[in-house]
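The values are calculated or read from the model by the stated rules, or taken from the named source; none is laboratory data. Since we're looking at a predicted model, the values are computed, not measured. Please note: Cβ atoms are built from the backbone with ideal geometry, for glycine as well, and neighbour counts cover all protein chains shown.
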Amino acid sequence: MTNSIGEMEDCEVMFIIGSNTNENHPVIGSTLRRAVTQKGGKLIVADPRRIGMVRDATIWLQHRPGTDAALINGMLNVILAQGLQNQEFIDSRTENFEAMKKVVAGYTPDKVSEITGVPAKDIIAAARLYAGAKTGAIFYAMGITQHTNGTDNVKNLANLAMVCGHVGRPATGVNPLRGQNNVQGACDMGGLPGDLPGYQKVADLQARKKVAAIWGRKTLPAKVGLTVTEMMDATEHGEVKVLYIMGENPMVSDPNLRHVEKSLKKTEFLVVQDIFLTETAALADVVLPSAAWAERDGTFTNTERRVQRIRKAVDAPGQAREDWWIITQLAKRLNQKWDYKSPKQVFDEIAKVTPSYAGISYARLERGNGLQWPCPTSRHPGTPILHAAGFARGKGFFTPVEHQEPAETPNKAYPFTLTTGRILYHYHTRSMTGRAEGLNQLAPECEVEINPADARSLRIKDGQMVKVASRRGAVTAKAWVTDRVAKGVVFMPFHFAEAAANRLTIGALDPVAKIPEFKVCTVKLQKA
Amino acid sequence: MAKAELTLNGKKVSFTPGQTILEVCQQNGVEVPTLCHLAGTTPTGACRMCLVEVKGARTLVASCAMPAGDGQVIETESEKVLIARKLNVELLLASGHHNCLTCEANGDCKLQALAYQYGVESVRFEKSDRYYPTEDDNPFIVRDFSRCILCGRCVQACNEVQVNRAIGFGYRGTEAKIVTAGDQPYINSDCVFCGECVQACPVGALTEKKARGKGRSWETRKIRTTCPYCGVGCQMWLHVKDNQVVKVTGVEDAAPNYGRLCVKGRFGYDFVQSPERLTTPLIKVRGKFKQATWDEALDLVAAKIKAARKEKGANAVAGLTSARVTNEDNYLFQKLMRVGVGTNNVDHCARL
């Protein structure tokens, strides 16, 4: 997030697009609902489904899955046509405005209505409401990013915020809501094939030299590595022989599972380090038992870039050990002279290597409510709001974005659009929530959301089993006949291994971020 | 904003217009007991515990709902106030079934603490004979209406803090009760089991089902940590007894959640204690896992990495680090891949 969660209670206009906030980030959902019900804020929700947040929305834009870029262009078109932009901000803080303006000129409300299915008057009203606010904040999640044009979608949201100058002030900004406890930290720490800690680029010789020096090395490997989806291909073709997976379960979480299963089975040597024998661990040659979150010390970095402590409360069972210990033991066997004795000692090194973490220490975290990076010095208070004085690159760059259809569009054989996500009561691949008493009682099985009109024409009744098939696979799950979804659209949570939505999803990727298009593929339905 | 002044227990203090008398008291270190008051929500003035005497006022006033006024003269511990508070506690004790022996909230109950503080030794009033059956047909929350003092904190928590709007006041007079729509049990209502009502309940009317019988509040240690589920990073207390997490509550007054948690964070902790946890390294031999020592397992992994590297180079090894583990673990994992193995083939599930 460019901004922080707490300040959003005082936001005047909130625009949620591609985030089922009250189910996937419930406490942020509460914050935003408080802003509406207690403080008089206004909410715009753009989502193909009538998600919980719609109840408090002034405007709900129910667009066709995969048409986010067009919808945002429509709002930009209205703002510029009606002269609602913040010209002062555009002139002083941004560049390439004209190029963007030229592209969105073609996206009139009527044309966008045709693409998205949203009435033109609602597009106009949403644009006017957001642009007219003193403080306007955008919230998005995987509903924006998990598309073959996910990167474009994000850039277009940045266009929208910059056109209105809704950046760099309290209760504004472009705010991705990150889905996993430490996905922010895993990225910050260099858990990426092209990035060293702190997003210092692998391709940058100076960055490599700097980090290598701290690590006591002459050089670091210069070739950008493989992304997770590329690894699956590489193992299948034997280019990667050893795959070491820590705390992930691609056998449920990745697209096109049949392909994943084939790749992992073909992997010459698979090591999985986890707290349970997950679907992925079951395929491993060696399984290493980890300590769970309540059994260890360390830090997580949340969606608002806040670095916070976790603390050991109970002992790990049997011989399960903390991941840092396991990695250190392995490093020693690979001739590294590592001598880490505690997470604190590791964190001190992180602060040396990672400029945005340089001012953070366990001692400081002990005192307050965490610290938000960038925090470059030990006296720096942290940064609740990014881009206040300027953007990282200097001027904010408008990237013109064109509408692009998803990789798959409905046809006669596969007439329905499937979109996937999470539900309130479960988490990701259910390796945790599936083993927590009570959550399974509230949400015991996978339910496919089907519009009543579609259900009628297929003679499917609420609660009946239905077979959902794509070009890649088929699963059977229970039908939930509901007008939460529009006609022609079905939704499935991806949590349940026994009715794995990812047997159906497509492996098509965004060319830049390499993120799979989980939010759109096509399927057919029949009574099971 | 202009500052104003009032006299609090004989001392002149300044305040900002708009503050309640309770807020002025708290700001000046004067303790005023409250039951129904829930920070950040509309004051209801329901419980009458925070009564104070304002000179010239016709009656004692509820300090949580009364705006402080310039020139007010306030006494928080006058005899009149103390008698009224004690009477109030007696009435609350008579209103229901308040037997501490069998109560889950024993030791962590505001009513119990106030009875002790105000020296209530017996209740002069006839006890209410209205007993409600306990509702526990959901996995997480036990509702015992006979212990409810109708302070309304749960209603405020549900409607104004979490804005789930599942409960409110129902019925009238002595029949008054906290209800869901249609007075259904939680399991058949709009309740999403965030448990904010339980955290707000000052007595034993709402308690965590999973924590029942697992330990009294004085027997548990509280350890502050960060929630392991989504990216909000809610701050939580783990209540621990005998090497077991027995309960989770939200940390009040701390960003980013200010006490709030969701159903997963509050009630989804016991996977840690699952009998299915991995407890030893495993090595697959002819398709079957066999238990191994750490040395055996790690030696094998290191040997395989070295062999692959020798045969095809360092890029024949790849690793997936994790959005679920700590910064420290992630940092070491990528360092291991980059210097221990010698490849940038490291990624994680940020995209999934």
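Residues that are among the polar types (S, T, N, Q) and closer than 24 Å to residue B:240 by Cα: does the range A:299-312 have at least one? Checked the range A:299-312: at least one residue is among the polar types (S, T, N, Q) and closer than 24 Å to residue B:240 by Cα.
Here's the yes/no breakdown for (1) in contact with an Asp or Glu (Cβ under 7 Å, 6 or more places away or on another chain); (2) over 21 Å from residue A:305 (Cα atoms); (3) in the same structural domain as residue A:343 (by TED's automatic domain parsing):
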| residue | (1), (2), (3) |
| --- | --- |
| A:188 | no, no, yes |
| A:195 | no, no, yes |
| A:202 | yes, yes, yes |
| A:221 | no, yes, yes |
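Exactly one residue among B:269, B:258 is of a type in the set (Phe, Trp, Tyr), out of contact with any Cys (no Cβ under 7 Å at 6 or more places or on another chain), assigned by TED's automatic domain parsing to the domain that holds residue B:197 and over 18 Å from residue A:439 (Cβ atoms), and that residue is B:258.
Just one of the listed residues (B:149, B:178, B:223) is part of a strand (DSSP E or B), away from chain A (no Cβ under 12 Å) and crowded, with 17+ Cβ neighbours inside 10 Å, namely B:178.
Looking at the range A:133-163, which of its residues are touching a strand residue (DSSP E or B) at 6+ places or on another chain (Cβ under 6 Å) and in a loop (DSSP other than H, G, I, E, B)? Scanning the range A:133-163 gives a single hit, A:133.
With B:256, B:202, B:228 as the choices, which residue is under 30 Å from residue B:115 (Cα atoms) and either at the interface with another protein chain (Cβ under 10 Å from one of its Cβ atoms) or touching a residue at least 60 places away in the same chain (Cβ under 8 Å) (or both)? Of B:256, B:202, B:228, the one residue that is under 30 Å from residue B:115 (Cα atoms) and either at the interface with another protein chain (Cβ under 10 Å from one of its Cβ atoms) or touching a residue at least 60 places away in the same chain (Cβ under 8 Å) (or both) is B:202. With respect to residue A:222, is the statement that it is within 13 Å of chain B (Cβ to nearest Cβ), of a type outside the set (Val, Ile, Thr) and assigned to a helix (DSSP H, G or I) true? In short, no. For residue A:135, the test of being over 30 Å from residue A:521 (Cβ atoms), polar (S, T, N, Q) and either surrounded by fewer than 24 Cβ atoms within 10 Å (Cβ to Cβ) or not assigned by TED's automatic domain parsing to the domain that holds residue A:358 (or both) is passed.
For residue B:245, the criteria (1) more than 9 Å from chain A (Cβ to nearest Cβ); (2) in a strand (DSSP E or B) hold in every case but one, which is (1). From the list B:307, B:323, the lone residue that is of a type in the set (Gly, Ala, Ser), under 26 Å from residue B:350 (Cα atoms) and either surrounded by fewer than 20 Cβ atoms within 10 Å (Cβ to Cβ) or under 27 Å from the mean Cα position of the chain (by Cα) (or both) is B:323. From the list A:347, A:398, the lone residue that is more than 10 Å from chain B (Cβ to nearest Cβ), in contact (Cβ under 8 Å) with a residue 24 or more places away in the chain and surrounded by 15 or more Cβ atoms within 10 Å (Cβ to Cβ) is A:398.
Note on the range A:13-47: residues that are closer than 17 Å to residue B:190 by Cβ and facing another protein chain (nearest Cβ under 7 Å) amount to 4.
The C-beta contact set for the range A:350-373 (first residue on the phi > 0 side of the Ramachandran plot, second residue among the hydrophobic types (A, V, I, L, M, F, W, C), distance under 7 angstrom, 6+ apart or interchain) comprises A:370/A:307.
Restricting attention to the range B:40-66, the residues being exposed (fewer than 15 other Cβ atoms within 10 Å of the Cβ) and either in contact with a strand residue (DSSP E or B) (Cβ under 7 Å, 6 or more places away or on another chain) or free of Cβ contacts under 8 Å to residues at least 40 places away in the same chain (or both) number 5.
Inclusion of residue B:215 among residues that are outside any helix (DSSP H, G or I) and in the same structural domain as residue B:187 (by TED's automatic domain parsing) is warranted. Right, residue A:168: within 28 Å of residue A:11 (Cβ to Cβ) and buried (at least 23 other Cβ atoms within 10 Å of the Cβ) or not? Criteria not met by residue A:168.
For the range B:304-351, the tally of residues that are at the interface with another protein chain (Cβ under 7 Å from one of its Cβ atoms) and not in a helix (DSSP H, G or I) stands at 17. Identify, please: which residue in the range A:419-443 is more than 8 Å from chain B (Cβ to nearest Cβ) and aliphatic (A, V, I, L, M) and is, among those, farthest from residue B:262 (Cα to Cα)? Among those residues, the one meeting the criterion is A:443. Helices (runs of 4 or more DSSP H) fully within the range A:1-120 that include at least 2 residues being of a type in the set (A, V, I, L, M) and touching a residue at least 60 places away in the same chain (Cβ under 8 Å): A:26-37, A:68-81, A:97-104. Among the numbered conditions (1) surrounded by 12 or more Cβ atoms within 10 Å (Cβ to Cβ); (2) free of Cβ contacts under 8 Å to residues at least 24 places away in the same chain; (3) within 27 Å of residue B:59 (Cα to Cα), the only one that residue B:134 does not meet is (3).
Does the range B:189-207 contain at least one residue that is surrounded by fewer than 16 Cβ atoms within 10 Å (Cβ to Cβ) and at pLDDT 95 or above? Yes, the conditions are met somewhere in the range B:189-207.
Among the strands (runs of 3 or more DSSP E) confined to the range A:246-360, the ones with at least 2 residues that are of a type in the set (Ser, Thr, Tyr) and under 30 Å from residue B:247 (Cβ atoms) are located at A:298-301. With respect to residue A:322, is the statement that it is farther than 21 Å from residue A:181 by Cα, modelled with pLDDT of 95 or more and at the interface with chain B (Cβ under 9 Å from one of its Cβ atoms) true? Criteria not met by residue A:322.
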